Structure formats: C-alpha cells, structure tokens
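Peer 1: I am attaching a structure below and will ask some questions about it afterwards.
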Amino acid sequence: MNRIDGRNYDELRPVEIIPNINKFAEGSCLIRCGSTQVLCTASVEDRTPPHVPYGEGWVTAEYSMLPRANRERSRRDVSKLKLSPRSAEIQRLVGRALRAAVDMKKLGERAITIDCDVLQGDGGTRTASVTGGFVALALACRKLVEDGVLKESPLKTMVSAVSAGIVKDQLLLDLCYEEDSSAMVDLNCVMTSQGELVEIQGTGEGRAFTVAEQQALVELCAKGIRELQQIQLDVLGGTF
C-alpha cells in the first residue's frame, strides 16, 4: 500500500531532537517525529517519594497535551480538576520506561521528574515522549556528574520507543495519525539499547492478531528503535 507521506513500510518519520531547549531545566529537548512535537524537561529534586527505599532515587514522568496540540481544542486537565485517564496511562508508561534506564542506588536520594508536554500531536506522542524523555534524562544525569553531585552517571542503558501497526493487512512502522486511526492492530514498543523489551502495548482494533504478527511487529519496532537510538547518541555526543 502507498503510505500517506510516501514512506516505505519500515521507515521512520523524519526525526529531529533539539537538546537544551529550556535553560532552566537540568535537562531538556524538543523532539519532532514527523508532525508530532513534544517538549521534554528533566527536573532534579533532593528528595524522594515516601515509598522509595532508603539510599535510592526515583524517576517519574508527567504527560500533558496543550489545548491545540490536536485538530480541535481540548480542555486542559487542570480545568477538569483531574488528570485524564489517557494522560495518566501515558505518563505511567513513560515513567516505567525511563526507570528501566537508571540504577537507582547510583542516583542516590534524589528524584528526577520528566515533564512531557505535547505541542503538536500527529500520532506517536507516547513513544516520542519516551525517546525524547530519555535524552532529557541523560542530559540531567550528565549535569549532576559535571556539577560534582554524582561521581558517575546512574544510567545503565538507553531506552527508546516507537509504534507499529497493521493497516489494510500491511505491517507499518511509526504510524502517523491517519494510519493510527484506521489501524486494525496498533502496537507500541519500548526497548533498551541491548535490544531488551521494557514494555509492549498491543491492541486489536479491527480484528484479533496472531502471535506471529505480534512478533513481526516487534521486529519492525526493533529496527526503528535501533535507528532512534543512533539519533539519541548523536544528540548526546556519542555517549550517554
């Protein structure tokens, strides 16, 4: 099938990550995946939530879409006096993904919060938040080392995420909004730089899908994630 933007079935949308976009945050970047744009900032605090074991740190995330990130204006969560179920689900995913990259004992008794604010959504906002969120996290950890707060970086791996799906019985990588909205199967995948899976979220929208199809989608995502992690490394100067 011909994709709406002319890409091959296994091709990522154009990806750009601009680091240090916020001068106040310990780490930040703007990530663009096609028309999707997410601002990611990392903030460090010298305290941890009550549930965190003594001597260890914590990484968490918050996610929000600006009112005109979509085709029609949406209400801010604050105006509804509660976080939307979708935002809550996505920020838990981003938090879990980024915690997989960190040695909490090396981080010490401090918390890093990654704020992911969607400026423009065109599919893949959660996966862009994970990928950009890692860059912001890595920059914050680098600053902690440069400032002498930590002796070494607490990062033990990279993490990235991308979507894949089945549209009109065709496997496609990195779905844009039009593809995602018509997908028979939609899958989001988070992986480390060692090729290990952190999380898979797969849903049959128009039909059920087989284990073989799931494996094919994960392999497609793995290809995209390897490419995303090279982009992350280039932005971070070749090392995290």
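Peer 1: Build a GNM of the chain with springs between Cα atoms under 10 Å: which of V167, V59, V159 gets the top mean-square fluctuation?
Peer 2: Answer for the Gaussian network model of the chain: V167.
Peer 1: Another question, if that's okay. So what are the ³J(HN,Hα) numbers for segment 126-141, from phi and the Karplus equation (6.51, -1.76, 1.60; θ = phi - 60°), rounded to whole Hz, Gly and Pro as x?
Peer 2: 6, 6, 5, 5, 5, 5, x, x, 5, 4, 4, 4, 4, 5, 5, 5
Peer 1: Using Cα atoms only, what is the angle between the long axis of helix 85-99 and the major principal axis of the chain, expressed in degrees (0 to 90) to the nearest 10?
Peer 2: Orientation of helix 85-99: about 60 degrees from the principal axis.
Peer 1: I would also like to ask the following. Which aspartates and glutamates, on any chain, are close to K106 with Cα under 19 Å apart, when same-chain ones fewer than 8 places away are left out?
Peer 2: Of all the aspartates and glutamates, those that pass the test against K106 - Cα under 19 Å, at least 8 places apart if same chain - are E26, E45, D46, E56, E146, D147, E152.
Peer 1: Could you compute the FRET efficiency for T239 and E109, with r as their C-beta to C-beta distance and R0 at 30 Å, rounded to 0.05?
Peer 2: For T239 and E109, the calculated efficiency is 0.70.
Peer 1: Taking Cα centroids, how far is segment 188-240 from segment 1-40 in Å?
Peer 2: 16 Å
Peer 1: Just to confirm my understanding: which cysteines in the chain have no other cysteine beta carbon less than 4.7 Å from their beta carbon?
Peer 2: Flagged as lacking a Cys partner: C29, C33, C40, C116, C141, C176.
Peer 1: Here's a follow-up. List the residues whose amide H sits under 5 Å from the amide H of S193, counting only those 5 or more places along or on another chain, with H placed 1.01 Å from N in the peptide plane.
Peer 2: Long-range HN contacts for S193: M158.
Peer 1: Right, here's the next one. Can you pull the accessible area of R68 for me, 1.4 Å probe, Å² to the nearest 10?
Peer 2: 150 Å²
Peer 1: Label-point separation (nm) for K151 and Q230, each offset 7 Å from Cα along Cα-to-Cβ?
Peer 2: 3.7 nm
Peer 1: Return the percentage of antiparallel bridges among DSSP beta bridges fully within the chain, rounded to the nearest 5 %.
Peer 2: 85 percent
The values are calculated or read from the model by the stated rules, or taken from the named source; none is laboratory data. Keep in mind that this is a model prediction, so the values were computed, not measured. Neighbour counts are summed over all protein chains in view; Cβ atoms, including those assigned to glycine, are modelled from backbone coordinates with ideal geometry. Please note that ligands, DNA and RNA were not included when accessible areas were found on the heavy atoms of the full protein model with its side chains. Shrake-Rupley method; radii C 1.70, N 1.55, O 1.52, S 1.80 Å.
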